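Since the structure comes first, as structure tokens, the remarks are kept for the end.
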Amino acid sequence: MRLRAGAAFLLVLLTCCGGPSGTADGPSGTKTGAAPAATRVCDLLDPDEVRSIYAGMRISLTDYAGPVGDPSFDSCQITVDHGTTTSPLIPFQLQVSIDPVSPADYQELLDRYVADGMGSSTPVPGLGEAAHVVGAGHLQVYDDGKVLRVQGGGDENAIRLAELVLPRLPELAPAPEVGTEPACDVVTAQAEAVLGAPAEERRDRQTVDELRCEWAAGHEVVSVTVRGYGDEVGRMWAAELPGAETIDVGGLRDNGVYLPTGGVYCWMGVQQVGMYVRHRPHDPDDDRDLLVGLAAAFAPKLLDLAPRVAPPEAGH
């Protein structure tokens, strides 16, 4: 499976389409048969339908660019507010692939999850061409050259959500080609050191919610995700994975986790800036120090980037 330069994105940047990034119980955009084509993954969802599945009082939908990789995805983050102080808000994501995916590619993704320790894959019959639950709370469906993923929210709920969204995938319009971001350019030298060669392809994205950077050369892919809030839950989860190593990043003590499968989780400062650096394929013996070096090179910029990738304020 290879990344293709100039691959069409399914998510139009908010500055292009003029709509807000987050929505809360407003019109979701396109339903089956509605007039304009969906321009965001969130447009494939109706808050009332999501509420009927997850039994929440309030549903918030937020655009995300990514995750990047092979293939890359665009995403809608779903937050369900049950209206109680004892049920915390735990967002989860609906993701749609933006690169063509073959049946062999799909099987490769399943094999990769098992290799990364997520757990065995369990087939889900009657959903798309092939559907599997991988580990806990991770549903992945292959249908007509696309991969649809629901990460979190419960396995049975994920199946019901996928049943709603799959018929709407043809409505999702292609988005503009993506370029490079200056914040990513400043660490290209360190990213190319991880690749071991000059980057042949670049795919960067920035929304009000996230900054995504990607460098690729041959079969090597390096990506960086920066969010304007700390993913402490993700970092703690990573710290419990087999072979995880606590590291210091950006001058802060024990704020990072290195994974021998090719990842670095980082959580920075009182602004709680989160960063995830990923490398595939990864050889810990040869690539570990270079990947940690890339995270360290990006770290001084994180607090400057935070205001530009922070989640939108309530009501905006």
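The values are calculated or read from the model by the stated rules, or taken from the named source; none is laboratory data. On a predicted model such as this, the values are computed, not experimentally measured, just so you know. Every residue, glycine among them, receives a Cβ derived from its backbone with ideal geometry; neighbour counts consider all protein chains shown. Accessible surface is based on the protein model in full, side chains and every heavy atom, while ligands, DNA and RNA are left aside. Shrake-Rupley method; radii C 1.70, N 1.55, O 1.52, S 1.80 Å.
Taking region 268-285 only, how many residues are closer than 23 Å to G135 by Cβ and open to solvent by 10 Å² or more (accessible area, probe 1.4 Å)?
Residues flagged as closer than 23 Å to G135 by Cβ and open to solvent by 10 Å² or more (accessible area, probe 1.4 Å) within region 268-285 amount to 6.
Quick check on region 103-135: of everything there that is of a type in the set (A, V, I, L, M, F, W, C) and part of a loop (DSSP other than H, G, I, E, B), which residue is surrounded by the fewest Cβ atoms within 10 Å (Cβ to Cβ)? Let's see the steps before the verdict.
As a first pass, look at region 103-135 and keep what is of a type in the set (A, V, I, L, M, F, W, C): 104, 109-110, 114-115, 118, 124, 127, 130-131, 133-134.
Those left that are additionally part of a loop (DSSP other than H, G, I, E, B): 118, 124, 127.
On the way: M118: 15, V124: 18, L127: 18.
If we take residues in region 103-135 being of a type in the set (A, V, I, L, M, F, W, C) and part of a loop (DSSP other than H, G, I, E, B), then M118 is surrounded by the fewest Cβ atoms within 10 Å (Cβ to Cβ).
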One residue is enough: does region 95-113 have a residue meeting the conditions of a type in the set (V, I, T) and under 16 Å from the mean Cα position of the chain (by Cα)?
yes
Would you pick out the residues in region 247-288 that are over 19 Å from the mean Cα position of the chain (by Cα), over 18 Å from D304 (Cα atoms) and outside any strand (DSSP E or B)?
P260, H282, D283, P284, D285, D286, D287, R288
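Is it the case that region 182-190 has a residue that's farther than 26 Å from A217 by Cβ, open to solvent by 10 Å² or more (accessible area, probe 1.4 Å) and either among the acidic types (D, E) or without any contact (Cβ under 8 Å) to a residue 24 or more places away in the chain (or both)?
Taking every residue of region 182-190 in turn, none turns out to be farther than 26 Å from A217 by Cβ, open to solvent by 10 Å² or more (accessible area, probe 1.4 Å) and either among the acidic types (D, E) or without any contact (Cβ under 8 Å) to a residue 24 or more places away in the chain (or both).
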Need the failing condition index for E156 against (1) part of a helix (DSSP H, G or I); (2) closer than 22 Å to A38 by Cβ, just the number.
(2)
Which residue, of G26, G56, G66, is on the phi > 0 side of the Ramachandran plot, at pLDDT below 85 and either open to solvent by 60 Å² or more (accessible area, probe 1.4 Å) or not acidic (D, E) (or both)?
G66
Of the conditions (1) at pLDDT below 80; (2) open to solvent by less than 20 Å² (accessible area, probe 1.4 Å); (3) over 25 Å from N157 (Cα atoms), the single one that D99 does not satisfy is (1)
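What are the residues in region 136-153 that are in a loop (DSSP other than H, G, I, E, B), in contact (Cβ under 8 Å) with a residue 24 or more places away in the chain and open to solvent by 30 Å² or more (accessible area, probe 1.4 Å), if any?
From region 136-153, those in a loop (DSSP other than H, G, I, E, B) are 136-137, 144-145, 152-153; that's our starting set.
Add one more test, that the residue is in contact (Cβ under 8 Å) with a residue 24 or more places away in the chain, and what stays is 137, 144-145, 152-153.
Correct list: D144, G153.
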Failed condition for V80, given (1) at pLDDT 75 or above; (2) crowded, with 17+ Cβ neighbours inside 10 Å; (3) in a loop (DSSP other than H, G, I, E, B), with all others met?
(3)
